[in-house]
Ligand SMILES: C[S@@+](CC[C@H](N)C(=O)[O-])C[C@H]1O[C@@H](n2cnc3c(N)ncnc32)[C@H](O)[C@@H]1O
């Protein structure tokens with residue numbers, strides 16, 4: 001990569017981090033002063049404030065990609081990992097989706113999820129809305145709360161923050177998605193260009209510090225493509241009957257947050 005492009009990346013990263021500090025630092029400090037125990041959940045507290053400011057803008061920029069992946073395909077019982085402030089709900093067609101399950105470990109975000117869901121016709125009172133405060137990696141707990149397998153598993157900008165994400169996702173798809181059900185994702189992933197991926201790795205530690213452990217260089221799209229199920233003899237077989245990934249054709253190649261959307265359908269046997 002040319003020096004000028006590398007410098008541009010540095011300026012881009014610095015600007016995002018400084019903007020984040022500008023919006024989220026003071027409210028985080030106020031929270032910690034009010035409740036000193038928050039110091040133990042500093043990263044989550046910071047993210048609560050940061051995402052409150054950034055999420056609408058990020059959502060607006062991603063709208064065409066999200067429409068192509070979520071609005072066109074989500075149906076039945078939908079499980080949204082890392083639901084944030086509920087932006088995914090805006091892309092769900094209410095008649096096509098019978099139940100929306102939001103998995104969001106940050107309970108400070110739950111009221112907003114509930115508000116957005118209610119406006120779109122999902123309610124806890126009739127069972128069409130379920131909000132869970134688990135982390136995706138608490139796999140053993142999740143099935144007990146969701147009343148059977150789901151038709152659609154969705155992740156939007158979340159896999160980068162899940163520890164052992166490859167193993168966790170594989171287990172979730174194996175155990176929680178119905179045969180014939182689908183996994184839809186819109187994530188930023190390892191850039192296919194090795195020189196840009198080098199910079200993603202370089203910026204990971206500082207980026208993760210300011211964005212709740214987010215990793216820039218996770219090859220989530222490749223992990224999903226390669227995902228394996230186990231057949232009746234315990235032999236590994238391809239998880240999917242069909243699937244593909246796509247990117248925004250106008251996206252710059254020299255992008256540290258290289259976004260990919262994907263739709264994969266789980267095989268029947
Ligand atoms: C960048 S936000 C994206 C939120 C939402 N999907 C959206 O598109 O606006 C990432 C979300 O993942 C959640 N998260 C972080 N670690 C998680 C984990 N281990 N399991 C499930 N969710 C997690 C965070 O609390 C946060 O709300």
Out of the residues in the range 99-116 that are within 20 Å of residue 74 (Cβ to Cβ) and touching a strand residue (DSSP E or B) at 6+ places or on another chain (Cβ under 6 Å), state the one that is surrounded by the most Cβ atoms within 10 Å (Cβ to Cβ). 100
Filter the helices (runs of 4 or more DSSP H) completely within the range 35-148 down to those with at least 2 residues that are free of Cβ contacts under 8 Å to residues at least 24 places away in the same chain and within 12 Å of the ligand (Cβ to nearest atom). 42-66
Within the range 123-131, identify whether any single residue is crowded, with 18+ Cβ neighbours inside 10 Å and out of contact with any strand residue (DSSP E or B) (no Cβ under 7 Å at 6 or more places or on another chain), and answer yes or no. no
Scanning the range 89-118 for residues that are under 17 Å from the mean Cα position of the chain (by Cα) and closer than 17 Å to residue 142 by Cβ gives 100, 101, 102, 103, 104, 105, 106, 107, 110, 113
Go through (1) surrounded by fewer than 16 Cβ atoms within 10 Å (Cβ to Cβ); (2) more than 18 Å from residue 172 (Cβ to Cβ) for residue 248 and report which single condition fails. (1)
Among strands (runs of 3 or more DSSP E) lying entirely in the range 172-257, which contain 1 or more residues that are closer than 25 Å to residue 103 by Cβ, in contact with a helix residue (DSSP H, G or I) (Cβ under 8 Å, 6 or more places away or on another chain) and away from the ligand (no atom under 16 Å from the Cβ)? 228-230, 240-246
Would you confirm whether or not the range 150-159 contains a residue that is assigned to a helix (DSSP H, G or I), closer than 26 Å to residue 62 by Cβ and at pLDDT 95 or above? yes
Condition check for residue 204: farther than 21 Å from residue 78 by Cα and modelled with pLDDT of 95 or more: no
Going by what's in this entry, would residue 164 be described as at positive phi and within 15 Å of the ligand (Cβ to nearest atom)? yes
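The values are calculated or read from the model by the stated rules, or taken from the named source; none is laboratory data. Just so you know, these numbers come straight off a predicted model, no measurement behind them. Here the Cβ is made from the backbone with ideal geometry for all residues, glycine too, and neighbour counts use every protein chain on show.
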